[in-house]
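Reviewing the structure listed below.
The values are calculated or read from the model by the stated rules, or taken from the named source; none is laboratory data. What you are looking at is a predicted structure, and each value in this text was computed from that prediction instead of being measured. For neighbour counting, all protein chains shown are included, and Cβ atoms are generated from backbone atoms with ideal geometry for every residue, glycine included. Ligands, DNA and RNA are excluded from the accessible area calculation, which covers all protein heavy atoms including side chains. Shrake-Rupley method; radii C 1.70, N 1.55, O 1.52, S 1.80 Å.
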Amino acid sequence: MIMMTTTSSTSSLSCSAQRQHWLVLLALFIFVASVLSTESSMPTQNMSHKERTELKEEAREMFYHAYRAYMENAYPADELMPLSCKGRYRGVTPSRGDMDDILGNFSMTLVDTLDTLVLLGDFAEFEHAVKLVIRDVQFDSDIIVSVFETNIRMVGGLLSAHILSEYLQKQADVMHWYKGELLEMARELGYRLLPAFNTSTGIPHARVNLRLGMKDPQLKVSRETCTACAGTILLEFAALSRLTGDPIFEVRAHAAMDALWKLRHRGSDLMGTVLNVHSGDWVRRDSGVGAGIDSYYEYLFKSYVLLGDDKYLARFNRHYNAVMKYVSEGPMLLDVLMHRPHAKSRNFMDSLLAFWPGLQVLSGDLKPAVQTHEMLYQVMQMHTLIPEAFTVDFQIHWGQHHLRPEFIESTYFLYRATGDHHYLQVGKRALKTLQQYTKVACGYAAVSDVRTGKHDDRMDSFVLSETFKYLYLLFSEPQDLIINVDEFVFTTEAHLLPLSIAQLGNSTFSFRQSDDHNVLDFMRTCPSSNKLFPEKVRKPLRNFITGSCPRTTGSGSGGKRLSALDFQASNADHLRAVYDMGITMVSVGDRSQGKAKSHEEGEMGLQFMQEMLELTKLQSMNQLAQLQAVAFALDEHLQDWTALMAGPSHFSPELIGEQFVEGDLVLAKPIRACNEKLTNAEEVKGKILVAERGDCTFVSKARLAQQAGATALIVCDNVPGSSGETQPMFAMSGDGNDDVLIPVVFMYSLEFGKLSTAMQRRPQTPLRVRIMQMVEFKRWQLAKEAHQNETAATTATTQKPDKEL
Ligand code: DMJ
């Protein structure tokens, strides 16, 4: 899944100007922490065997409720639409855009689900389903599909079903008619994906036409893919090669992994999220462990486990250390820029990263796994279902819930590693919540917004292949399962590939299994509950979320939130509002308690407090993002300046430290700056150009501005009402080329509206602005104020003797 910024057509260039004030403090502030511990730290109660068995059976029923709904109402479609209670077919059901690249009209949900039937011990249904797949599923369709999704869901599903069919033949004396048909289907599908690997880097295209390969005219412009998309191939392709004896798949997948490894940032060891498959240039340099990257890291580690090649462990360790150094912040995992790893690139986390604790468990790093899992559990309790994305203060960023497996997957691995019944209780809560909020008459429905609980007509195939599988596994005991899951690697889609695949070897692949890294031993070295006490790790985090300061959308009285910049200490309403926020202002009346000696010293005290507050703000800004500022003077004499928040870009030079660009503003004509030339190019020379978002890429607007001789470009949003106060600021992506030499910044509509109002106020005089780092603007202001205060103090002292005389 790649996150993209979107454009829409309307424009908003005006909004009432609002004067911003720096904080003026009239009393000494004492902050009263309003963080109260609400939960006791009682250790988790053990779950009885009876309850655990009941939950296991409930998980099984959940699976069948969804499976039957699909088989009876949707099969042979790829997915069930649980609200319409019918199948979703590519080219027939109204398109959802790129999201439909998952669908290939190849009965995806059934193929994805086959091995879950075996884990549930339902051999009869498994046999029936395998026969259906062999009879009905075909791949010769003129359809463009996602290479990544087709690999993990279809190739992985077919392979694990093949492996389990042969296993059942031997162990359960069934399916004697089976002659490897599923493996042949996997091989055929593998061949249909191969044309995507014909790139100069060896990194596969994101999409391929099942029948025409890359010859589909729609794929002519294809060049961008995500790191996870290209780096989540090897497990399935290696298994395919080892099982069929045809090395091509494994060779191609190794080459893709090698090419990706070369693209890591040599300084930080981090990867970006989107890249160009031909040039190998990064298109998005955001680096985290969630959407766009997640399973690349997972496959490095699991390739080592499955294939025994030490190089993958070494690579995983390099990336892992980098992630723990730059991305991990306590229990949180926050994206940074791969080339500027100390700069956070966004202030929200997506739900896909919930797989990370499970991977940490497998790699043996249990403590941070326990911590991140605990944070996610609290997010779940706070919003009932984990939203698709949530902010650093745990508010909803994207409200959808797609019934994803990642959190339950990590819960399962943590339980296996620790034996701590807390994880059974977490699983119970997750299960009951799914029952209460997502079960519908025809299966289980995703939720379009966890705030309203409104259902979405969508049940992805991973609900059956992963979500219910991990739930069932969590509550089952080894004797409940026909296979020993410890002898298998779970792919990213939870398909089972046996560790014994390594022994099959491959004629073209040099396979080394060193004594130092015995795979089975390694898999079993996870610390056990005897040595580690997850309760102790979780306990300090119990109130992690309740103890943070959630972003409020309105004041207690229902009005707009009072921001620090608007605060006026002489305003009684503001004083009441800060009091309501838990800030107590105490007027100290007794010298023994620290009363200022004189009015002047009181003033100094106030200044000191003000500086402290400013410094705190500066620090948090530094941490959050490399925020840019578009500053302009509020008066004609350029004395009183204010700054508006703006976002940087990945493709233009950064303004660092004291660097700034100052100039008069001029609006692009046409305003979107997407044509070949600006009609007011002459006027633009030497000025700061403003263009509106939309119709073409950010970087092409930048090139046009540069061509016309602008000294900088401000891109303003085209979504009315958008603001950096309510949505995260981001860095604009480029196309991997470094030809833009002027600074380019982005402003949301509300912020730009203030600039626009200032321009309109004096239509005859061009508005002069300064683009710089926000943190530098604050420093500049502080220095200016300090200088003014100093001058005022000197004047006062020189006047004093006269007065006293
Ligand atoms: C699944 O298809 C896989 O787990 C993939 O790696 C990530 N996304 C979905 C589930 O959320």
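Within the range 106-151, the residues that satisfy the criterion of being farther than 20 Å from Met81 by Cβ, open to solvent by 10 Å² or more (accessible area, probe 1.4 Å) and within 29 Å of the chain's Cα centre (by Cα) are Ile144, Phe148. Taking every residue in the range 473-499 that is open to solvent by less than 10 Å² (accessible area, probe 1.4 Å) and pairing it with any residue that is among the β-branched types (Val, Ile, Thr) and within 16 Å of the ligand (Cβ to nearest atom), at least 6 positions away or on another chain, the pairs with Cβ-Cβ distances below 6 Å are Glu493/Ile152; Leu497/Val489.
In the set (1) open to solvent by 10 Å² or more (accessible area, probe 1.4 Å); (2) touching a His at 6+ places or on another chain (Cβ under 9 Å), the condition left unmet by Pro357 is number (1). Whether any residue in the range 75-90 is away from the ligand (no atom under 16 Å from the Cβ), touching a Phe, Trp or Tyr at 6+ places or on another chain (Cβ under 6 Å) and open to solvent by 10 Å² or more (accessible area, probe 1.4 Å) is what I want to check. Checking the range 75-90: not a single residue is away from the ligand (no atom under 16 Å from the Cβ), touching a Phe, Trp or Tyr at 6+ places or on another chain (Cβ under 6 Å) and open to solvent by 10 Å² or more (accessible area, probe 1.4 Å).
State whether the residues of the range 413-421 include one that is in contact with a Leu (Cβ under 9 Å, 6 or more places away or on another chain), small (Gly, Ala, Ser) and within 15 Å of the ligand (Cβ to nearest atom). No - not one qualifying residue is present in the range 413-421.
Restrict the check to the range 727-737 and report whether at least one residue is outside any loop (DSSP other than H, G, I, E, B) and not small (Gly, Ala, Ser). Yes: the range 727-737 contains one or more residues that are outside any loop (DSSP other than H, G, I, E, B) and not small (Gly, Ala, Ser). If I filter the range 694-710 for residues that are at pLDDT 90 or above, in a loop (DSSP other than H, G, I, E, B) and of a type in the set (A, V, I, L, M), do I get at least one hit? Within the range 694-710, one or more residues are at pLDDT 90 or above, in a loop (DSSP other than H, G, I, E, B) and of a type in the set (A, V, I, L, M). Considering only residues in the range 463-488 that are aliphatic (A, V, I, L, M) and more than 29 Å from Thr438 (Cα to Cα), the one that is nearest to the ligand (Cβ to nearest atom) turns out to be Ile483. For the range 423-452, the set of residues classified as more than 16 Å from the ligand (Cβ to nearest atom), open to solvent by 10 Å² or more (accessible area, probe 1.4 Å) and in contact with a strand residue (DSSP E or B) (Cβ under 6 Å, 6 or more places away or on another chain) consists of Ser448 only.
The number of residues in the range 218-271 being basic (Lys, Arg) and under 18 Å from Leu306 (Cβ atoms) comes to 2. Taking every residue in the range 399-418 that is over 11 Å from Leu359 (Cα atoms) and open to solvent by 20 Å² or more (accessible area, probe 1.4 Å) and pairing it with any residue that is at pLDDT 95 or above and within 11 Å of the ligand (Cβ to nearest atom), at least 6 positions away or on another chain, the pairs with Cβ-Cβ distances below 6 Å are Gln400/Glu388; Arg404/Ser351. All conditions in (1) more than 16 Å from the ligand (Cβ to nearest atom); (2) crowded, with 22+ Cβ neighbours inside 10 Å hold for Leu385, with the sole exception of (1).
A single member of Leu741, Leu755 is assigned by the TED database to the domain that holds Leu689 and in a helix (DSSP H, G or I), and it is Leu755. Take the residues in the range 388-398 that are within 14 Å of the ligand (Cβ to nearest atom) and either aromatic (Phe, Trp, Tyr) or in contact (Cβ under 8 Å) with a residue 40 or more places away in the chain (or both), then tell me which one is surrounded by the most Cβ atoms within 10 Å (Cβ to Cβ). Once the filter is applied, the top-ranked residue is Ala389.
Does Leu13 fit the bill of being in contact with a Ser or Thr (Cβ under 7 Å, 6 or more places away or on another chain), modelled with pLDDT of 95 or more and open to solvent by less than 80 Å² (accessible area, probe 1.4 Å)? For Leu13, the condition - in contact with a Ser or Thr (Cβ under 7 Å, 6 or more places away or on another chain), modelled with pLDDT of 95 or more and open to solvent by less than 80 Å² (accessible area, probe 1.4 Å) - is not met.
Quick grid of which residues meet (1) farther than 27 Å from Glu224 by Cβ; (2) out of contact with any Lys or Arg (no Cβ under 9 Å at 6 or more places or on another chain); (3) not β-branched (Val, Ile, Thr):
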site: Asp281; (1), (2), (3): no, yes, yes
site: Tyr297; (1), (2), (3): no, yes, yes
site: Ala314; (1), (2), (3): yes, yes, yes
site: Pro331; (1), (2), (3): yes, yes, yes
site: Ala343; (1), (2), (3): no, yes, yes
site: Leu362; (1), (2), (3): yes, no, yes
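Just one of (1) within 28 Å of the chain's Cα centre (by Cα); (2) part of a helix (DSSP H, G or I); (3) farther than 16 Å from Met257 by Cβ trips up Leu193, so point out which. Unmet condition: (3). The criterion of at least 3 residues that are among the small types (Gly, Ala, Ser) and open to solvent by less than 10 Å² (accessible area, probe 1.4 Å) is met, among helices (runs of 4 or more DSSP H) falling completely within the range 196-307, by 234-244. For Ala172, the test of being more than 29 Å from the chain's Cα centre (by Cα), of a type in the set (Gly, Ala, Ser), open to solvent by 10 Å² or more (accessible area, probe 1.4 Å) and more than 16 Å from the ligand (Cβ to nearest atom) is passed. Checking Thr726, Thr794, Thr765 one by one, the residue that is surrounded by fewer than 22 Cβ atoms within 10 Å (Cβ to Cβ), out of contact with any helix residue (DSSP H, G or I) (no Cβ under 8 Å at 6 or more places or on another chain) and outside the structural domain of Leu678 (by the TED database) is Thr794 and no other. Could you tell me whether Met99 is in a helix (DSSP H, G or I), within 14 Å of the ligand (Cβ to nearest atom) and at pLDDT below 95? Judged against the criteria, Met99 is a match.
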